[in-house]
1. Between 0 and 90 degrees, rounded to the nearest ten: what's the tilt of helix 16-29 against the longest Cα principal axis of the chain?
2. With a 10 Å Cβ neighbour count serving as the proxy for reagent exposure, in which order, fewest first, do SER137, SER27 appear?
3. Find the Cα radius of gyration of the range 1-98, compare it with 2.2 N^0.38 Å by division, and give the number to two decimals.
4. Nearest 10 degrees is fine. How inclined is helix 96-109 to the longest principal axis of the chain, computing both from alpha carbons?
5. Any idea which of PRO51, VAL107, TYR126 is furthest toward the positive side of the dipole for the chain, if Lys and Arg beta-carbons carry +1 and Asp and Glu beta-carbons -1?
6. Expressed in whole Å with the largest first, what are the equivalent ellipsoid semi-axes of the range 95-155 derived from the C-alpha gyration tensor as the square root of 5 times each eigenvalue?
7. Connecting C-alpha atoms closer than 10 Å in a GNM of the chain, tell me which of ASP41, ASP115, ASP81 has the biggest fluctuation.
8. If each of ASP138 and ASN98 carries a label point 7 Å out from its Cα toward its Cβ, how far apart are those two points in nm?
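Read-outs throughout are calculated quantities, based only on the coordinates presented, and are distinct from any laboratory measurement. What you see is a predicted model, and the numbers here were worked out from it, not measured in a lab. Positions of Cβ are backbone-derived with ideal geometry, glycine not excepted, and every protein chain shown enters the neighbour counts.
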Amino acid sequence: MPADEPPLEFPPTCRPETVLLYNYWRSKCGKRRMPRRADIDPAEIPARLLPCLSIVDVVDDARRYVYRLVGTADVQVRGHDPTGRSVIEGFFGPDVENALGCYDTVVETRAPLLDTEPFLATNGRYATEETIFLPLSDDGEHVNKIIVFFAFKDVLDPNAPVQLDL
């Protein structure tokens, strides 16, 4: 990441996995503002984080954002797989405006966004503790994909296997 870009500041309550993923993303920036998708190698990311990762395409039509890849834990928490659907159709958040607002902010600022506002999943079982949105750009200027990672807990069963193993 260019030297004039300040690093994201994390609250002390932030999960170490979120910081780890951000630092990985930052290391892939080089001198660019954001890395390319080709710079990201899933084999370099701790395997326990992959189920909580998604990649969202930024598209030039009314859909705006489309789920390209959705991790297995993300699918389990949602109760359905939104792959191939727009964020408008398959959002996960307090409401669609909140979800779109996070993506819009990342695209406009071309910078990561940490959302630490917890919310309860629509099924009432899972609580999201924090979500980080990490922009990717093939041309170095325009965000064309966003990596999304969220940390959550199972409210009804804190020892459930879908929970991150901390």
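1. The answer is roughly 20 degrees.
2. SER27, SER137
3. Dividing the Cα Rg of the range 1-98 by 2.2 N^0.38 Å gives 1.19.
4. Around 20 degrees separate the two axes.
5. Farthest along the dipole direction, towards plus: PRO51.
6. Semi-axis lengths for the range 95-155 are 25, 11, 8 Å.
7. Sorting by GNM fluctuation, first place goes to ASP41.
8. Each label point is offset 7 Å from its Cα along the Cβ direction, giving 3.3 nm.
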